[in-house]
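The values are calculated or read from the model by the stated rules, or taken from the named source; none is laboratory data. Predicted, not measured: the structure shown is a model, and the values here were computed from it. Cβ sites come from the backbone with ideal geometry, for glycine too, and all protein chains shown count toward neighbours.
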Amino acid sequence: MKKKILAGLATGLMMIGTAGMAQAIPYGFTVVEDNSPLNPAGQLQVDVTDEGGGITLFAFSNTGNIQSTIADIYFDWEATSTLTFAGYDSTGDVSFDHFASPSDLSGGQTIDFTADWSTDADPPPGTNQNGIDNWTAGIQDTLTIAFTGSSFNAILSALNSEDFRIGLHLQGLTDGESESYVTGGGPAPVPEPATMLLFGTGLAGLSGYFRKKRSA
């Protein structure tokens with residue numbers, strides 16, 4: 001049984017908007033399975049930010065014209081330092097819980113991808129899955145996952161060398177197909193101001209509390 005635990009992190013996401021030195025490092029995704037001629041890879045992004053205090057934030061977004069929803073997120077950090085989940089935060093109609101089902105990235109075996117940690121959209125009874133989609137009017141859907149346990153520089157180094165990879169499973173494509181995507185294989189990441197993480201949604205006005213979810 002899954003249980004939701006509210007936990008406050010002292011720094012909170014407000015620091016993203018107020019700490020001028022913070023940098024968001026964007027990473028894109030490439031398709032794994034190629035099930036569909038539709039390819040929204042260009043609208044998928046994860047921004048990696050040093051929150052300070054040993055916390056690294058991974059902020060996922062899906063912005064573009066190809067209808068889709070990020071339903072599952074997988075982390076494969078292999079030999080890199082094991083990360084410890086610290087909390088979630090989200091904007092829009094997004095709710096995730098861990099662990100994902102299926103427990104590994106679909107099509108991941110073709111690229112030797114094995115998930116060390118995963119999360120998926122948590123659908124309340126009577127509603128659709130609360131994934132990260134690009135068709136909800138109003139506030140842009142985002143999901144931020146906080147981790148501790150490894151330095152920010154070590155995480156970036158592992159992501160750049162592809163020793164650490166992040167996988168996504170997309171659903172809701174208009175042709176009825178689903179697709180898997182993974183970091184790597186695209187252009188080198190370019191730093192951008194951390195305030196880009198806000199996506200114009202007023203995220204900096206949040207209290208900085210994460211919805212911490214653990215498997216009972």
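Are any residues in region 42-59 buried (at least 19 other Cβ atoms within 10 Å of the Cβ) and either among the hydroxyl-bearing types (Ser, Thr, Tyr) or more than 12 Å from the chain's Cα centre (by Cα) (or both), and if so, which ones? Of everything in region 42-59, those that are buried (at least 19 other Cβ atoms within 10 Å of the Cβ) and either among the hydroxyl-bearing types (Ser, Thr, Tyr) or more than 12 Å from the chain's Cα centre (by Cα) (or both) turn out to be Thr49, Asp50, Glu51, Ile55, Thr56.
Taking the conditions exactly as written (in contact with a Phe, Trp or Tyr (Cβ under 9 Å, 6 or more places away or on another chain) and crowded, with 20+ Cβ neighbours inside 10 Å), does Phe96 satisfy them or not?
Values: in contact with a Phe, Trp or Tyr (Cβ under 9 Å, 6 or more places away or on another chain): yes; crowded, with 20+ Cβ neighbours inside 10 Å: yes.
The answer is yes for Phe96.
With a requirement of 1 or more residues that are at pLDDT 95 or above and touching a strand residue (DSSP E or B) at 6+ places or on another chain (Cβ under 6 Å), the strands (runs of 3 or more DSSP E) lying completely within region 1-114 that satisfy it span 23-27, 29-31, 44-52, 55-62, 69-76, 84-91. Scanning region 49-77 for residues that are in contact (Cβ under 8 Å) with a residue 60 or more places away in the chain and of a type in the set (Gly, Ala, Ser) returns Gly54, Ala59, Ser61, Gly64, Ser68, Ala71.
Taking each residue of region 138-154 that is closer than 11 Å to Val48 by Cβ and looking for partners that are among the β-branched types (Val, Ile, Thr) and not in a loop (DSSP other than H, G, I, E, B) with beta-carbon atoms closer than 6 Å, six or more apart or interchain, yields Phe147/Thr56; Phe152/Thr56.
Can you find even one residue in region 169-187 that is of a type in the set (A, V, I, L, M), assigned to a strand (DSSP E or B) and modelled with pLDDT of 95 or more? Spell out how you get there, then give the answer.
Step one: filter region 169-187 for residues of a type in the set (A, V, I, L, M), giving 170, 173, 182.
Within this subset, residues satisfying the condition of being assigned to a strand (DSSP E or B) are 170, 182.
From what is left, the residues that are modelled with pLDDT of 95 or more are 182.
Looking for residues that are of a type in the set (A, V, I, L, M), assigned to a strand (DSSP E or B) and modelled with pLDDT of 95 or more, one finds at least one in region 169-187, hence yes.
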